[in-house]
1. Restricting to region 112-131, give me the number of residues that are free of Cβ contacts under 8 Å to residues at least 12 places away in the same chain and within 16 Å of Arg194 (Cβ to Cβ).
2. Restricting to region 1-39, and then to whatever is assigned to a helix (DSSP H, G or I) and among the acidic types (Asp, Glu), can you tell me which residue is surrounded by the most Cβ atoms within 10 Å (Cβ to Cβ)?
3. Please go through region 84-114 and give me each residue that is within 22 Å of Glu35 (Cβ to Cβ) and part of a loop (DSSP other than H, G, I, E, B), ordered by number.
4. Among the residues that make up region 84-93, is at least one of them open to solvent by 70 Å² or more (accessible area, probe 1.4 Å) and among the β-branched types (Val, Ile, Thr)?
5. Restricting region 108-156 to residues that are under 14 Å from Ile174 (Cα atoms) and small (Gly, Ala, Ser), which is most open to solvent (accessible area, probe 1.4 Å)?
6. Looking only at region 290-308, decide whether some residue is without any contact (Cβ under 8 Å) to a residue 40 or more places away in the chain, in a loop (DSSP other than H, G, I, E, B), of a type outside the set (Phe, Trp, Tyr) and open to solvent by 40 Å² or more (accessible area, probe 1.4 Å).
7. Specify which of the listed residues (Val52, Val81) is surrounded by fewer than 21 Cβ atoms within 10 Å (Cβ to Cβ), part of a helix (DSSP H, G or I) and of a type in the set (A, V, I, L, M, F, W, C).
8. What tally of residues in region 269-289 results from selecting those that are in a loop (DSSP other than H, G, I, E, B), within 16 Å of the chain's Cα centre (by Cα) and farther than 20 Å from Pro141 by Cβ?
Amino acid sequence: MNPLRQLAEFGQSVWVDNLQRSYITKGTLKKFIEEDGLKGLTSNPTIFQKAVSGSDDYQDLFDAAKGKGLNGNDLYEQLAVRDVQGAADILKTVYDATKGQDGYASLEVSPRLALDTHGTLEEARRLWKTLARPNVMIKVPGTVPGVPAFEQLTSEGINVNVTLLFSQERYKEIAEAYVSGLEKLAASGGDVSRVASVASFFVSRIDAIVDKELEKKLKAGATPEQQKAMEGLSGKVAIANAKLAYRTFKEVFGSARWKALAAKGAKVQRVLWASTSTKSPKLRDVLYVEELIGRDTVNTMPPATIDAFRDHGKVRPSLEEDLPAAEATMRQLEAAGISMKTVTDELATDGIRLFSESFDQLLSAVGEKLKKT
């Protein structure tokens, strides 16, 4: 059996972390759904930037925009909305079959608004209204200003994909904000059963930065005991961090507060494992899929990871295996002089910066093509 399809037996959904026009026009997305059991799709400015720069799939929009005085931002939004709507329409069969559990396509608010609660709220509401599909999610960054924005959007019945989560502490804030948002929605007479959300917890970037820090410390000089401890941590911290975040998920969504909402039909906010392609050639290319398989989770994979897992992925209920070892890994990291808080804070800041840079490059690429049309 296709290993991708087997993941469903353990309560995990496969989404693809990519979107370009050809996915809709050439049947790529439909093929993923039919052959691999794909259940959703995520996008971000980097993905759109590559799609626009690397293909002529959007030439019809550029031709139609000629002479209309549109700028790069206007045209980007047109192409992004059209693609996400098209993906959502194809995924609607999944949405219906799973009764709203899956079948979502995501569109991100501008990364420039990552530290602006009010701006995030306004843009998220506008995109939600513009997309006009029940099976879309608006991506909101899990920054400090993003937490109240997410809670408010949830209370308004808007589906949100909270992105750029790295720390267990911030994840807990987001999970609790979801519960609070749904409680407000229920108190106002809203239907909590119609709301869906995922919390996108990033994985491989953790190991990429931790392994660099370990290498620096080893080169700077360490005792044989320290060397042994640090070498044993390489490639293990991201999975340990994710497993402990999932433990928090079970606590929040096993609480009395949550059970009261579940009785009204509320759906849990699933943990979505993001950044699951391996960054190091020393690691198995499907490591961050194989080691994070568990109920009420999503793994959004780039196409290359989907292909790799289809070819040689091994499926087992791995997510709750050996939690004491995960705790020990985090203790060893601190003992090695590496602060997890510093790591996750840096990654969150870098994530905002990188998405903002990609967004600027995207708008520049769109603007340049518009001028040449």
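1. Residues flagged as free of Cβ contacts under 8 Å to residues at least 12 places away in the same chain and within 16 Å of Arg194 (Cβ to Cβ) within region 112-131 amount to 1.
2. By that ranking, first place goes to Asp36.
3. Thr98, Gln101, Asp102, Gly103
4. yes
5. Once the filter is applied, the top-ranked residue is Ser155.
6. No, region 290-308 contains no residue that is without any contact (Cβ under 8 Å) to a residue 40 or more places away in the chain, in a loop (DSSP other than H, G, I, E, B), of a type outside the set (Phe, Trp, Tyr) and open to solvent by 40 Å² or more (accessible area, probe 1.4 Å).
7. Of the residues listed, the single one that is surrounded by fewer than 21 Cβ atoms within 10 Å (Cβ to Cβ), part of a helix (DSSP H, G or I) and of a type in the set (A, V, I, L, M, F, W, C) is Val81.
8. Qualifying residue count, region 269-289: 2.
The values are calculated or read from the model by the stated rules, or taken from the named source; none is laboratory data. Because the structure is predicted, anything quoted here is derived from the model rather than measured. With ideal geometry, Cβ positions are generated from the backbone for all residues, glycine too; neighbour counts draw on all protein chains shown. The protein model used for the area step is the full one, side chains on, heavy atoms only, and it has no ligands, DNA or RNA in it. Shrake-Rupley method; radii C 1.70, N 1.55, O 1.52, S 1.80 Å.
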